[in-house]
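**Student:** Here it is: the structure, laid out below.
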Amino acid sequence: MPPEKVVLYDFRPVTEKDLPMIAGWLAEPEVAEWWNDPDTEIAEIRDHIDSISVEPLIVELDGKPIAYLQSYDPHLEDDHPYADQPFGTLGIDLSIGRPELVGIGHGSA
């Protein structure tokens, strides 16, 4: 039996240069249904680049960007809906931006 292909994911901080790519991903139907107005979302992601409450990341597969991921501490935002969770809890939002990569296990991996 041949060995399984090793899939390499990497996570890197979002930069200003990534915002047009993320905006394109936000326009994809499978992503758009989970996000609000793309212009508003991009402005918020831009603000989060230097934030302490939200960490915006690009997920790369074998060196190529495939997804946007943000982690956040619900205790660092006033009136966050998950503030009732134990301290140390982090929330994670993941949106796979490339439609051909949706539904084949990257999110769960």
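The values are calculated or read from the model by the stated rules, or taken from the named source; none is laboratory data. What you are looking at is a predicted structure, and each value in this text was computed from that prediction instead of being measured. Note that we place each Cβ from the backbone using ideal geometry, even for glycine, and neighbour counts take in every protein chain shown. Ligands, DNA and RNA are excluded from the accessible area calculation, which covers all protein heavy atoms including side chains. Shrake-Rupley method; radii C 1.70, N 1.55, O 1.52, S 1.80 Å.
**Student:** Where does the chain land at 222 nm, in deg cm²/dmol rounded to the nearest 500, when only DSSP H runs of n ≥ 4 count, each adding -39500 (n - 2.57), divided by all residues?
**Tutor:** Value at 222 nm, helices only: -5500 deg cm²/dmol.
**Student:** Can I ask one more? Would you mind working out the magnitude of the charge dipole of the range 33-109 relative to its Cα centre, with +1 at each Lys and Arg C-beta and -1 at each Asp and Glu C-beta, to the nearest 20 Debye?
**Tutor:** So the dipole magnitude of the range 33-109 works out to roughly 440 debye.
**Student:** While we're on this one: Please determine, in degrees from 0 to 90 and to the nearest 10, the orientation of helix 38-48 with respect to the longest principal axis defined by the Cα atoms of the chain, where the helix direction is its Cα long axis.
**Tutor:** 80
**Student:** Name the residue farthest towards the positive end of the dipole of the chain from the options Trp34, Leu94, Tyr82, assuming +1 on Cβ of Lys and Arg, -1 on Cβ of Asp and Glu, about the Cα centre.
**Tutor:** Leu94
**Student:** Below 8 Å, C-alpha to C-alpha, sequence gap of six or more: please give me the relative contact order for the range 1-104 in percent.
**Tutor:** Rounded, it is 27 percent for the range 1-104.
**Student:** At 1.4 Å probe size, with the rest of the protein present, what percent of the exposed accessible area of the chain is carbon and sulfur atoms?
**Tutor:** 56
**Student:** Separate question: Put a dot 7 Å past each Cα toward the Cβ at Lys17 and Ala32; how far apart are the dots in nm?
**Tutor:** 2.8
**Student:** What distance in nm lies between label points placed 7 Å from Cα along the C-beta direction at Tyr9 and Asp39?
**Tutor:** Placing both labels 7 Å along Cα→Cβ, they lie 3.4 nm apart.
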